[in-house]
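Everything below concerns the one structure shown next.
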Amino acid sequence: MKPGLNLISLIHCCSSALFAEGPAVYAIHDARVVRVSGPPIEHCTVVVRNGLIEAVGENVVPPADAWIIRGSGLTVYPGLIDALSTIGISGPRPPPATPALSPPPPAAGPEDRPSNTSFLRAADQIVAADPSVEAARDGGFTTAVTFPTANIFAGQGVVFDLAGMRIGQMVIDPSAGQYITLRNNGSSFPGSLMGVIAYIRQIYLDADRYKVAKAIYDKHPKGLERPAYDRTLEGVIESPRVLLPAHRAVEIDRMLQLARELKIRPILYGGEEAWRSVDSLKRSGVPVLVTLKWPEKAKDGDPAVDEPLRVLEMREKAPSTPGVLAKNGILFAFYSDGIATSKEVLKAAKKAVDAGLSTSDAVRALTLSPAEIYGVSDRLGSIDNGKIANLVVTDGDLFADKTKVKYVFVDGNKFEPAPESPDAKKDLEKTQ
Amino acid sequence: MKRALALAPLTALWLAAAPPIVIQNGTILTVTKGTLLGSLLIKDGKIAQIGENIKIPSGAMVVDATGQFVMPGIVDCHSHIAAESINEGTVSVSSMVGIQDVLNPEDIAIYRALAGGVTTANILHGSANAIGGKCSVIKMRWGRTANELLFVGSKPGIKFALGENPKRRGGGNAFGATTLRYPATRMGVEDVIREAFTQAKAYRASWKDYEARKSRGELVIPPARDLKLEPLVEVLDGRRLVHAHCYRQDEILMLLRVADEFGFKIRTLQHVLEGYKVAKEIAAHGAGASTFSDWWAYKVEAYDAIPYNAAIMTRKGVLVSINSDSDELMRHLNNEAAKTMKYGGLTETEALSLITINPAKQLMIDSKVGSIEVGKDADITIFDAHPLSNFSKVTKVFIDGELYFDRDRDIADRPALASRKKELITKAAEEQKKSPPVSPRRPGL
């Protein structure tokens, strides 16, 4: 081991949050490298330079200027990606677009654009110092796709790296897509599921006409009525893809049909019952974000309630969904769905492995697949030359219980997770 | 939701060409062509032959109906099953919403309706507003997808509502304020309908104007499509059927006048408990009436009702049906129809018509369902006794010539389903015991 390494490790042990100016070149030598884009390589070297992966291979010689990390006994994976999260956004909800002192007037219909902040961008809302960023990174997540989530048209997501001095440096793609919920608006329009769907349909119709009307007007403004500026339609038009909630098979069917009708590029999220929708998913080619928050009976639920067989089956079979999707060649990725710690996220993914998903497909669902779904697989998701140097280095199989994350590289910067303190665990148990 | 597992093989049947079916030696109540003791041949989902003696084709499935009664599948003109939302009650005109968007083919009420002999139902938006949402006519194809439930070729419909429900004010909202939704009176309900159709006419004119100017080569920006007004234009053009919830004679006459004035038709008056008072006027407009046999007094406007309503309206020349508006009542519509023989003296065939051919006519699907006639869809219900008897039970139900309900099989399947359920509950309880505490969730999603 080179003498410099100990010093660096020491600094990181003291404070992993410290964003130290580290060396620009690293070589992880003699490690098992799970590239994801190809079969794993034993006794492999990965060279990281200036934030990018410079070389990968058995016969790669660590460059003279590199800080060497002895990799024997360690496994290198691409940095994990949380395909749908609120990491980096503090608090339960993003701040309102305009501070509301009095309640918004009830909507008379779609024309009032209720519950619509399609123009919000998570890229403008994430906070680098948010504790969730470091927590996710310590568990091996190097990238998150974070969305505003508060409205029917909630806003655009951002693909961003989980370390950096400035938000601008962390952002990989500020236009990840529009996050749509089917939450109704209570006593104001839309107050029902069918109202929400009708509203979404009207918005997309309006957006189509908005484009046409603007194009005609911009060419010939004289003598034509000026189309009204509408930021909610701008937000929709700027979104390259649309996230639609679909948990049960019925909902998957419904959302696929809606997307077809509106001619939008959907990504479904939820997917607990997607094992029942293999044919329609295959036909549509629509990717699925599978929640890792597996459905379970509410802990404080009424024990006497007689649950229908269909609900029981959904719970029983949900973790087998990823395995079924993988077998059928349906593109899917995992998302944390609010699970607080990365350890628990990986444990939940392990449940899918136990229910039939191969370990390599499970890794893919946390790396290359989400990168493909969001159109960033040319820079993220696998360990290949020229890609962004996001890596997670562990002392064993990613999904094994005892495995620890040793190092995390984000944009070529090395981090060491804070050791798990036994006190923290005790506190957690007390709060249960 | 017990039937999910048991029905899996039926789905495969749908895809393969089904073999012909002969239902033999039953009392066939055709409803429109009399009653005979004989057999029925089903081929390619349609009724192919009816007669006292039918040659059984090779490979046919034979159903012995000796001592049993074979009737057309029951049609329910007013139901709210199989939908994940019913009312968009936040606005007084919600014609932009539609049941088709929220159909839930996994609602157990579909299977239970089958067990009551129902094969087709009109799934309506609720009655919270003067002009409600779009309706969907479905067949009870239990085990299929939402799209496969739809009655292909049925005419689209829309719900209207008069009286207490649409004039009810909105509840509190998230901020504690009360939404004072207009209207608050019966006069206001009329005004809402007039206003909506006035807008719809203007909307139709704006598109005509646009098309005309465009064809003259003028540079014009197209009008915005309005999903609220489009269904109303369809009503004006006679392309969408109006099903209007109503109770009192005064509001019934009001609606008929408004419709006449704006030049559209009311296809059915729903509930219409005071219809017996204005039956002549209803018949003159050409509206159908879809009512209950003896269900009333659940609110003030539903007090002045009589069990003779269906019979009186029938005698005055109104096309009448008996509906359920309830997933429970839906399972014994045959008994509801039978009551009109006691109250009002309708004949057996007239009583059966109230739940078969009449609602089919009201929904304009009578060329396909509603009676046992050669060429119609093979939607067939078999009862073990006369369907107008209290003691009859449904033994088998076919839709498009496929067996969707079989009482014997239902009973046989119950133990297996119960043990599967027990197994899952035990397993889940064990896992819950094992699982460690988890951290509180991050908020947001």
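Each reported figure results from applying straightforward, stated rules to the coordinates on display, with no laboratory input. Just so you know, these numbers come straight off a predicted model, no measurement behind them. Using ideal geometry, Cβ is built from the backbone for each residue, glycine included, and neighbour counts are taken over all protein chains shown.
Counting only other chain Cβ atoms within 10 Å of each residue's Cβ, the peptide B:82-88 averages 5. Straightening the chain between B:Gln199 and B:Ser326 buys 42.3 nm, computed as 0.36 nm per residue apart minus the Cα-Cα spacing. Only Cα pairs under 8 Å and 6+ residues apart enter the sum, and on that basis the relative contact order of chain B stands at 18 percent. For the range A:298-432, averaging the sequence separation of C-alpha pairs within contact (under 8 Å, six or more residues apart) and dividing by the residue count gives a relative contact order of 15 percent. Cross-linked pairs B:Lys139/B:Lys228; A:Lys297/B:Lys434; B:Lys299/B:Lys342; B:Lys201/B:Lys228; A:Lys404/B:Lys434: Cα-Cα separations exceed 18 Å for B:Lys139/B:Lys228; B:Lys299/B:Lys342; A:Lys404/B:Lys434. The calculated FRET efficiency for the pair A:Asp378 and B:Ala212, based on their C-beta separation and a Förster distance of 60 Å, comes to about 0.75. Of the trypsin sites (Lys or Arg not before Pro) found in the range B:35-117, those that fall in a DSSP loop while having at most 11 other beta-carbon atoms within 10 Å are B:Lys55.
Have a look at B:Ala337, B:Met254, B:Gln199 and report the one farthest towards the positive end of the charge dipole of the range B:74-369, computed about the Cα centre with Cβ charges (Lys/Arg +1, Asp/Glu -1). Farthest towards the positive pole: B:Gln199. The angle separating the long axis of helix A:422-431 from the principal Cα axis of greatest extent in chain A is about 30 degrees. In chain A, the DSSP-assigned H stretches of four residues or longer account for a calculated mean residue ellipticity at 222 nm of -9000 deg cm²/dmol, using -39500 (n - 2.57) per stretch and the full residue count as denominator.
Annotation: amide H of A:Glu54 within the under-5 Å range of A:Val47, A:Val48, A:Arg49, A:Gly386, sequence separation 5 or more or interchain, hydrogens built in the peptide plane.
Take the Cα of A:Asp395, step 7 Å toward its Cβ, do the same at A:Leu52, and the gap between the two points is 3.4 nm.
Quote to one decimal, in nm, the extra length available between B:Asp410 and B:Asp260 on full extension: 0.36 nm per residue of separation minus the C-alpha distance between them.
That pair, B:Asp410 and B:Asp260, stretches by 49.0 nm at full extension.
Rounded to the nearest 500, the helix-only mean residue ellipticity at 222 nm of chain B stands at -9500 deg cm²/dmol, with each DSSP H run of n ≥ 4 adding -39,500 (n - 2.57).
Taking the DSSP beta bridges with both ends in the range B:74-369, the antiparallel portion is around 30 percent.
R0 = 45 Å: FRET efficiency of A:Gln169 with A:His43, Cβ-based, nearest 0.05? Plugging the Cβ-Cβ distance into 1/(1 + (r/R0)^6) gives 0.85.
Overall form of the range B:321-445: prolate. Here a/c, set by the Cα gyration tensor axes a ≥ b ≥ c, is 1.5 or more, and a/b is the larger of a/b and b/c. Using the Karplus relation 6.51 cos²θ - 1.76 cosθ + 1.60 with θ = phi - 60°, the per-residue 3J(HN,Hα) values for the range B:387-395 come to x, 8, 8, 4, 9, 7, 10, 6, 9 Hz, with x marking Gly and Pro.
Which residues make up the longest stretch of chain B that has no GluC sites (Glu not before Pro) in a DSSP loop with at most 11 other Cβ atoms within 10 Å?
Numbers: sites that count: B:Glu52, B:Glu218, B:Glu328.
That gives B:53-217 as the longest site-free run.
For the Cα atoms of chain A, what angle does the longest principal axis make with the long axis of helix A:342-354, in degrees from 0 to 90, nearest 10? Once rounded, one gets 90 degrees. Computing Rg and the Kirkwood Rh from the Cα coordinates of chain B gives a ratio, Rg/Rh, of 1.02.
Inter-chain neighbour count for A:176-184: the average number of beta-carbon atoms from partner chains within 10 Å of each residue's beta-carbon is 1. For B:His245, the residues whose amide H sits under 5 Å from its own are B:Phe160, B:Ala161, B:Leu162, B:Gln270, ignoring neighbours fewer than 5 places away on the same chain, with H placed 1.01 Å from N.
Please list, by residue number, every one of the chymotrypsin sites (Phe, Trp or Tyr not before Pro) in the range A:208-306 that is coil in DSSP and has at most 12 other beta-carbon atoms within 10 Å.
Those that pass, being in a loop and sparsely packed, are A:Tyr229.
With a cut-off of 10 Å between beta carbons, the residues surrounding B:Ser79 carry a summed charge of -3, where Lys and Arg count +1 and Asp and Glu -1.
Taking the range B:289-329, which chymotrypsin sites (Phe, Trp or Tyr not before Pro) meet the DSSP loop condition and have no more than 11 other C-beta atoms within 10 Å?
B:Tyr298
With contacts taken as Cα pairs under 8 Å and at least 6 residues apart, the range A:79-381 reaches a relative contact order of 17 percent. Applied to the range B:42-51, the Karplus parametrisation 6.51 cos²θ - 1.76 cosθ + 1.60 on θ = phi - 60° returns per-residue 3J(HN,Hα) values of 10, 9, 6, x, 10, 6, 9, 7, 10, x Hz, with x for Gly and Pro.
At B:Asn53 and A:Thr359, where each label point lies 7 Å from the Cα along Cα→Cβ, what is the point-to-point distance in nanometres? That separation, rounded to one decimal, is 7.6 nm. Within 10 Å of the Cβ of each residue in B:126-133, the mean number of Cβ atoms contributed by other protein chains is 1. Enumerate the amide H contacts of A:Lys404 below 5 Å, restricted to partners 5 or more residues apart or on another chain; note that Pro and chain-start residues carry no placed amide H. When sequence neighbours closer than 5 places are left aside, the close amide H contacts are A:Asp395, A:Gly396.
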